[in-house]
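Read the structure below first, then the notes.
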2 protein chains.
Amino acid sequence: MTQLLRVQNFNVSRDGIAAGADQTLERPFGLDRPERLFAWAGATASWPRRTDPGGSRGLDDYFTRDFDHNIGAEIMGRNKFGPQRGPWNDDAWRGWWGDEPPFHTPVFVLTHHERPSFTLSDTTFHFVGGDPATVLERAREAARGKDVRLGGGVTTIRQFLDADLVDTLHIAVSPVDLGSGLRLWDSSDDLLDRFHREVVPSPSGVTHHVFWRR
Amino acid sequence: MTQLLRVQNFNVSRDGIAAGADQTLERPFGLDRPERLFAWAGATASWPRRTDPGGSRGLDDYFTRDFDHNIGAEIMGRNKFGPQRGPWNDDAWRGWWGDEPPFHTPVFVLTHHERPSFTLSDTTFHFVGGDPATVLERAREAARGKDVRLGGGVTTIRQFLDADLVDTLHIAVSPVDLGSGLRLWDSSDDLLDRFHREVVPSPSGVTHHVFWRR
């Protein structure tokens, strides 16, 4: 069975922006009201952070419930893991997600700076350098036959796209323009040279762009 | 965690028909060219019966790959299991699916006639009578916390809808009219009194109708 590298439930604005340029501890996405991007996901029954019952089980829920389906590991950029830059001053920062991170698999955090692995609940974070192909090889091994999720952010996704390592992408385009920030693409058409694409509007207002390798 | 009863990837024609009235060993669906109904599913990468690599990974694939996601048991009508009627003359018939049925869970076959359970690969078939609520209770227990799939056919789905036991439905409406046969509904609107609905057209030509309880 092929082990795919999959981008899942990655949110961008109509103008292709996923985050502001200035990330801080208080603003993990560097955006005012980042929920403008991902409110669609929070409204679904399968949203991993849902604490109350209910939620929709329509089209959008197929995407949120697929988030961890057959996923055995995640690769994420350092800025998805935290707001720090440069060498790790201490190991106190353990991610944005509290004691129960929503990953439930090994997670490989890209960084040039060494740091020991640690485990929170059923998620273990490893800190790895090296080129994308080498990191993917490690993640595939850890995934034990399952697929690997490429968690973002934008810089990380572009890096793996440039190395032609991404097999599928699901990008949720929200009906808001942000103007400036970290941009995934100028247009969704940018990926058509290498990927099939389907564009699926949801009743929630978000539009799902689904890509798979030609 | 709630254990849902889910109808998944059930195919009907534009005029609501899922099968012909006359099922035979040679025509399990009682239809000429039943692939007119479910060709969309066979074209996806995650179709369980796919033997060659490839296949689409767009919208339709989200539906086929959700088929067994968090499913711990299936309930099916006797006619989905086989073409025989009345008492089991012998136990030679073991379903349409060969030695590797695509269910991988306990399957509860509705019948008024007793027959011993048997196992093929990782699927065990049980033969059960009783009202829908009782059968569902047995299937939920066997599913060990996971959801239960209601596999069809039409008569079985309608029976469980009448008993108000169905939590979600995914019905794929194919762009073909069949005129006569076993009809799931006069119109998809029939379910709106009890269910939310989203109607999602796919580039393949099929239209996905997704329902969840109000």
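The values are calculated or read from the model by the stated rules, or taken from the named source; none is laboratory data. No experiment lies behind these values; they were computed from the predicted model shown. With ideal geometry, Cβ positions are generated from the backbone for all residues, glycine too; neighbour counts draw on all protein chains shown.
Only one of (1) within 14 Å of chain A (Cβ to nearest Cβ); (2) closer than 30 Å to B:D189 by Cβ; (3) modelled with pLDDT of 95 or more fails for B:R57. Which number is that?
(2)
Quick check: is even one residue across the range A:82-90 crowded, with 20+ Cβ neighbours inside 10 Å and either under 14 Å from the mean Cα position of the chain (by Cα) or within 12 Å of chain B (Cβ to nearest Cβ) (or both)?
no
Could you list, in sequence order, the residues of the range A:131-150 that are within 16 Å of the chain's Cα centre (by Cα) and under 11 Å from A:I71 (Cβ atoms)?
Hits for the range A:131-150 are A:A139, A:D147, A:V148, A:R149, A:L150.
Between A:F195, A:F108, A:F127, which is free of Cβ contacts under 8 Å to residues at least 60 places away in the same chain and crowded, with 21+ Cβ neighbours inside 10 Å?
After applying the criteria, what remains is A:F108.
Would you mind finding the one in B:T51, B:T105 that is more than 14 Å from chain A (Cβ to nearest Cβ) and of a type in the set (S, T, Y)?
Answer to the check: B:T105.
From the set of residues in the range A:67-77 that are part of a strand (DSSP E or B) and of a type outside the set (A, V, I, L, M), which is farthest from the other protein chains (Cβ to nearest Cβ)?
A:E74
Which is aliphatic (A, V, I, L, M) and free of Cβ contacts under 8 Å to residues at least 24 places away in the same chain, of A:A18, A:A73, A:A45, A:A41?
A:A45
Please go through the range B:1-35 and pick out each residue that is surrounded by 13 or more Cβ atoms within 10 Å (Cβ to Cβ), within 14 Å of chain A (Cβ to nearest Cβ) and either outside any loop (DSSP other than H, G, I, E, B) or hydrophobic (A, V, I, L, M, F, W, C) (or both).
Selection gives B:L4, B:L5, B:R6, B:V7, B:Q8, B:N9.
Does B:T64 satisfy the condition of being more than 10 Å from chain A (Cβ to nearest Cβ) and under 15 Å from A:R65 (Cβ atoms)?
yes
Out of (1) under 17 Å from the mean Cα position of the chain (by Cα); (2) assigned to a strand (DSSP E or B); (3) more than 30 Å from B:G205 (Cβ to Cβ), what's the single condition that is false for A:T119?
The number of the failed condition is (1).
If you go through the range A:139-162 one residue at a time, do you hit one that is in a helix (DSSP H, G or I), surrounded by fewer than 15 Cβ atoms within 10 Å (Cβ to Cβ) and aliphatic (A, V, I, L, M)?
No, the conditions are met nowhere in the range A:139-162.
Quick test of your reading of the structure: B:W47 fulfils all but one of (1) part of a loop (DSSP other than H, G, I, E, B); (2) more than 20 Å from B:L150 (Cα to Cα). Name the failing condition by number.
Result: B:W47 fails condition (2) only.
Restricting the range B:50-66 to residues that are in contact (Cβ under 8 Å) with a residue 12 or more places away in the chain and outside any loop (DSSP other than H, G, I, E, B), which is farthest from B:R6 (Cα to Cα)?
The qualifying residue farthest from B:R6 (Cα to Cα) is B:S56.
Among the residues of the range B:163-214, write down those that are outside any strand (DSSP E or B) and charged (D, E, K, R).
B:D164, B:D167, B:D177, B:D186, B:D189, B:D190, B:D193, B:R194, B:R214
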